[in-house]
Amino acid sequence: MHRWASVCAQLPARRLALLVLPLMLGLPALQAAATSLTPPAAPIASAERKLLAEAVAVMLFVVVPVFVLTPWVAWRYRRRNPRSRYQPEWSFSWLLEVLIWGVPAIVVTVLGYKVWTRTQALDPYRRLTADTAPLEVQVVGLDWKWLFIYPEQHIATVNAPVFPVGRPVHLQLTSDSVMVSLLMPRLAGQIYAMPGMTTQLSLQADKAGRYLGENTQYNGSGFANQRFTAQAMPPQDFAAWVQGVRANGERLDAARYAKVAARAAQDQPLYFSQVQDGLFDGLVAKYHGHSHLPANHPPAGEAAHGH
């Protein structure tokens, strides 16, 4: 450390600045990409953060030289610098052409390869594989709230999804309003939902906790309030939670759903111990003359690691 400090002390101020500037520019960007604003709590989110960090690191090969060389060239070839060579007839350099076009071409190639391969591996329609069957959850985007239906447990919640830790969760999404976009940044990627259509998303929480979920697609005056808190808990606690919701006693039928779907923000979570059979499919079918669409079949393959 003392040897490094001694070497730096002997360098001219301008050369020392050129040495330190790339570190000042590059390290914060790498750190931001590596740590992320929302530390992942699931394999999907971890894979996405890793891809982001790799993409930032590759792009720094272009960004850092530009920020370093631009002020250096301006200073080196300023008009009053007698040591800069004056070459009015200069017009071409193979070295500069290779650097200017070759480096960006390599960056684009590397990024294209990574994005293509990761897009295939992190397809949101690919279900996670595990020793236990995934928990099925049907999600409906409303103005300005989210309805979560658990068809196997015959319960539902508004703005209060709960998932068991360590078990894959398969979400089937639609909207009974305008286009919405579901994002739970610490658990999974982002997916759109549209009226009359269904999309899919898989996730798995690695540890217990409370995680932000929100709509990222602007859909009116209540857009800012269309958020919820997802909770991940151990399997035994999840089973107890299901029993607690079943004891609530309120039934979610067509009449109650009409009140839930009214255009208004939902300040407090709602819990329903019973759900009318076929409610989710009926919400999709009503946009097609009440004709039910064929079921989606996600592509077969190995387990996805993220979206």
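The values are calculated or read from the model by the stated rules, or taken from the named source; none is laboratory data. All values reported here derive from a predicted model rather than from experimental measurement. Quick reminder, even Gly has a Cβ in these numbers, built from the backbone with ideal geometry, and neighbours come from all protein chains shown.
Some points to look at:
- Positions within the stretch 279-298 being in a helix (DSSP H, G or I) and either modelled with pLDDT under 90 or under 26 Å from residue 202 (Cβ atoms) (or both), in sequence order: 279, 280, 281, 282, 283, 284, 285, 287, 288
- Just one of (1) touching a Lys or Arg at 6+ places or on another chain (Cβ under 8 Å); (2) aliphatic (A, V, I, L, M); (3) at pLDDT below 80 fails for residue 55. It is (3).
- Residue within the stretch 262-278 that is under 27 Å from the mean Cα position of the chain (by Cα), buried (at least 16 other Cβ atoms within 10 Å of the Cβ), modelled with pLDDT of 95 or more and not assigned by TED's automatic domain parsing to the domain that holds residue 44 present: yes
- For residue 205: the one exception among (1) modelled with pLDDT of 95 or more; (2) under 23 Å from the mean Cα position of the chain (by Cα): (1)
- Every residue from the stretch 183-207 that is of a type in the set (Gly, Ala, Ser), assigned to a loop (DSSP other than H, G, I, E, B) and surrounded by 16 or more Cβ atoms within 10 Å (Cβ to Cβ): 188, 189, 205
- Among the residues making up the stretch 101-114, those that are surrounded by 12 or more Cβ atoms within 10 Å (Cβ to Cβ) and without any contact (Cβ under 8 Å) to a residue 60 or more places away in the chain are 103, 104, 106, 107, 108, 110, 111.
- Taken over the stretch 166-182, the criterion of being farther than 15 Å from residue 156 by Cβ, surrounded by fewer than 24 Cβ atoms within 10 Å (Cβ to Cβ) and not β-branched (Val, Ile, Thr) is satisfied by 166, 167, 168, 170, 177, 179, 181.
- Flag for residue 131 being crowded, with 20+ Cβ neighbours inside 10 Å and over 19 Å from residue 237 (Cβ atoms): no
- Taking (1) free of Cβ contacts under 8 Å to residues at least 24 places away in the same chain; (2) touching a Pro at 6+ places or on another chain (Cβ under 6 Å) in turn, residue 165 satisfies each apart from (1).
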